[in-house]
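The values are calculated or read from the model by the stated rules, or taken from the named source; none is laboratory data. Source: prediction; values computed, not measured. Glycine also receives a Cβ, built like all others from the backbone with ideal geometry; neighbour counts cover every protein chain displayed. Surface areas here come from the heavy atoms of the whole protein model, side chains and all, with no ligands, DNA or RNA. Shrake-Rupley method; radii C 1.70, N 1.55, O 1.52, S 1.80 Å.
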Amino acid sequence: MGGVIRLVCAARHVPLLTVAPLSLLKFITGSGRSGGDKSATPLAVYKRWNVECRSSHVAESYGLARLGAMIVQPGIDSFPTDAMRQVLDVNRTRLDPNPGTS
């Protein structure tokens, strides 16, 4: 499925960014280590953005959407944490603005 998504994005010149799981976890929780606690991610999303998530998968999806929004629209979150800024800086440099042209 990932290959199909990459091909479609490249064909339509849609920027695509693959975010490492630990990088996403750092963006959401402030730490790249979960320690196996799946309840930490939904709790961090609730504390940070006041959004209730019923599972860690939903919380990670929401965090990924926020990360993407902050890359595309930098001023969307007025007070990013230091960990969030670090993840944003790394991933901004990895985003290919012209997919499918290389």
Worksheet item: If LYS38 satisfies every condition in (1) at negative phi; (2) touching a residue at least 60 places away in the same chain (Cβ under 8 Å) but one, which is the exception?
Response: (2)
Worksheet entry | Residue that is modelled with the highest pLDDT, among those in the range 91-102 that are loosely packed, with under 14 Cβ neighbours inside 10 Å and assigned to a helix (DSSP H, G or I) | ARG92
Worksheet item: What number of residues within the range 25-66 are more than 22 Å from ARG94 (Cβ to Cβ), open to solvent by 70 Å² or more (accessible area, probe 1.4 Å) and touching a Phe, Trp or Tyr at 6+ places or on another chain (Cβ under 9 Å)?
Response: 1
Worksheet item: So, of the residues in the range 1-24 that are hydrophobic (A, V, I, L, M, F, W, C) and not in a helix (DSSP H, G or I), which turns out to be surrounded by the most Cβ atoms within 10 Å (Cβ to Cβ)?
Response: VAL19
Worksheet item: Does SER39 count as at pLDDT below 90 and more than 24 Å from ILE5 (Cα to Cα)?
Response: yes
Worksheet item: So how many residues does the range 67-79 have that are surrounded by 12 or more Cβ atoms within 10 Å (Cβ to Cβ) and in contact with a helix residue (DSSP H, G or I) (Cβ under 7 Å, 6 or more places away or on another chain)?
Response: 5
